[in-house]
1. Check each of the GluC sites (Glu not before Pro) in segment 219-287 and keep only those in coil by DSSP with at most 14 other C-beta atoms within 10 angstrom; list them in order.
2. To the nearest 20 Debye, how big is the dipole of segment 527-609 about its Cα centre, given +1 on the beta carbon of each Lys and Arg and -1 on that of each Asp and Glu?
3. For Asn112, which sequence-distant residues (separation of 5 or more, or a different chain) have an amide H within less than 5 Å of its own amide H, given hydrogens modelled in the peptide plane?
4. As an exercise, use a Förster radius of 22 Å and the Cβ-Cβ distance of Ala641 and Ile728 to find the FRET efficiency, rounded to the nearest 0.05.
5. Near the amide H of Asp595, under 5 Å away, which other amide H atoms are found, from residues 5 or more places off or on another chain, if H is placed in the peptide plane?
6. As an exercise, take the mean of 1/r over every pair of distinct alpha carbons in segment 277-408, invert it, and state the Kirkwood radius in angstroms.
7. With a ≥ b ≥ c taken as the square roots of the eigenvalues of the C-alpha gyration tensor of segment 452-593, please select rounded if a/c is under 1.5 and otherwise prolate if a/b is larger than b/c or oblate if it is not?
8. Report, ordered by chain and residue number, the lysines lying within cross-link reach of Lys729, taken as a straight Cα distance under 26 Å and ignoring same-chain residues fewer than 8 apart.
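Taken together, the values in this text are just the output of simple stated rules run on the coordinates, not laboratory data. Since this is a predicted model, take the numbers as computed values, not measurements. Cβ placement follows ideal geometry from the backbone for every residue including glycine, while neighbour counts extend to all protein chains displayed.
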Amino acid sequence: MKIKLFNSAALMPFVLLPAVAHAQEIRTDPALDATQEVSQQADPSSSEIIVTATRREASLQKVPVAVTAVSNLALTTSGVENVRSLNLVAPGYNGGRNQNVMQPSIRGVGSNGTSVGDESNVAVYVDGIYQGDPYSTQIDLVEISRIEVLRGPQGTVFGRNATGGLVNVVTPDPQFNSRGRIKASGARTRERANNFDISGYVTGGLTDTIAADLAVLYRNQDGYAVNLFKGGTVGDRETISVRSKLLFQPSDTAKFVLTVGYVDTHEETAALGQPYKGNTLGAKFDGAIVPNKPWQVSNFVAASGTAGLSDYTRLDLALKGQLDLGGVILESTSSYMRTRVNQNADSDGTNLLLGETDMRVRPDTFTQELRLVSDNSGPLSWTAGLYYYELEGEQPLTLINRQDPSLPIVPTRMEPKVSTASYAAFAEGTYELMPRFSITLGGRFTTEKRKFSQRINGNQLFTDAEKKFDKFTYRVSLQYEASPDLNIYGTYGTGFKSGVFNTFSPSRVAVDPETIEAFEFGIKSEPLSWLRANLATFYYKYDDMQVTARGGDNSFVLQNAAKAKIYGGELELTTEPVTGLNLRSAIAYTHSEYDKFTNAQVFIPRPGGGNLVSSVDASGNQLIRTPEFTLTLGGRYSFDAFDGKAFLGGNIFHSSPVYYDYLNTFKQDSYELISSEIGWTTPNDDLTFRIFAKNLTNEAVAQQISPGPLGAYIIYERPREVGASVEIKF
């Protein structure tokens, strides 16, 4: 008998099982307060940075994983306001996006799929909870403790599709000691556009055993791109985010946290597409307006009568409970997510109606995880667990594709439905073979079933396409602590992402799973009391890559790209050479290449506009969205001034060219993004003023470049933004 998890509200109290977790999480420890974490991460000599990179709390410098932990303070100084822009601080990370679909990659491993249910292989977690649908990972940062970016396949304790790595956003749990803050900021960008943000956070105890918190955000950003067709500007964005936790801690050995979150975003991201270097089929026809400068648009979609819309809502429910059983910890996490996306976009980048995609995305996801974690001081530490993931989704869409504006409009209507049910069992243990030398062994077995039905123009093509995938992934790691300040490790690990169906296709055949083998060698050191230096090198064998590109009919083609070879390394430095001056830098080198890709879907520019769609051998070309070289330099200097603390800081990010197609024709040239800030805090730290700038040099940088048969359109990152903020703490 099949139980429908998503259509029965009566089942929710039973599937949201009580959870249980690590004793270190259970205890209310002031050292884990968000404010304390900021100081810990700013000063490498002050204390250890605690991360959960292996599903248990451990020192950043002791865990044998390449991980970047970024504090809230570093995010603010660097101009990072959402998960997508983490590339400004995390080496090897690229925050890709295709309108509402988040498409991050790490070390060249990432998905560019647009089908509902085609989860990214850079997994995103919030407080350890998997955000399965790629339309659900647009996470604005309101109140966080830190963000952890793990590089390399996480095929054991995290497992779920994380062939490239993962991002874990860690938010504070409610506290019994009351505190709060309110922050308001205003900024100005081009075309006299105003941006306004107000956010707040409050937490405190309700009883001796119950505490709660509330985090809210309201963001309103005016349009900044000139509309050459209708006049005015486009690019507006309005976001409302509300997130609350309820903590119940009946004893020192038990803890339960209920989380409820809601996000509502209206944005005109889809309206910002303009022809890349004038490449559009519309340029051939009279009356076409072709933008030729950054942040200019003329596109038009019939569905909305505007330049394009992206409406988005998400509801999150999660229940975590934690229980210390004495020597072993039982953890359970349950979550439910409901996402609704309404998106329409022009495909040729002009005021002529040649191509259009009008789409709705309706995924519902549910997860349940149970874990046992050892809690003793012996030579063996271990974690074991069970994991379940379910998705049900629909993606009704209408496509328009014509080669001449005089031809009649003949839309194609698709109504795909998909479902996924995935089960996994995993275990990982670390054993100290001899003093300071240990070995880690881990494995995960996953079995997954995907279903797909398709209706096109009212005709039900099939209802029972089904495919099952099984895979065992594992990790082996050797670690040697040469001294208290020098940790050396080597790891071999595997990753797996199951095959998926293409919801833009009449085919009932799923693509093959993709797999990865990863070798990594790392050194984590603190050679001086004021210096932390971490180095990681890697080599990947990447097989059956799942890649997506536009089809000749303006839909999307999903295929396997055979093999790729990736190798490189990252060096991260954190220093405090003098009191009050905190500096950080990160350099990443990634050599990526399609080792064998004989049938790549490519686009060759035609004279006069548009592209010839062809299938060629792209072997030897560089992977998309994978710059060969990136460099981050950032820092903050604080000093006494006017009885308080003054500070100034900034961040410089440099990237080598980034390609957006398999033929390496459409690219973003090398660029730099610079942010800066200056401010002052009162003596008791309850009032802070800041003046800030983002993209200080007004660099025109591609957020995405999307080639297709009608041309190639580009969406630029936001232009220069200068503003001020005030924050009140209480």
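1. none
2. 160
3. Answer set, sorted by chain and number: Thr548.
4. The computed FRET efficiency comes out at 0.65.
5. When sequence neighbours closer than 5 places are left aside, the close amide H contacts are Lys563, Ala564, Lys565, Gly620.
6. That comes to 19.2 Å for segment 277-408.
7. prolate
8. Lys183, Lys245, Lys645, Lys694
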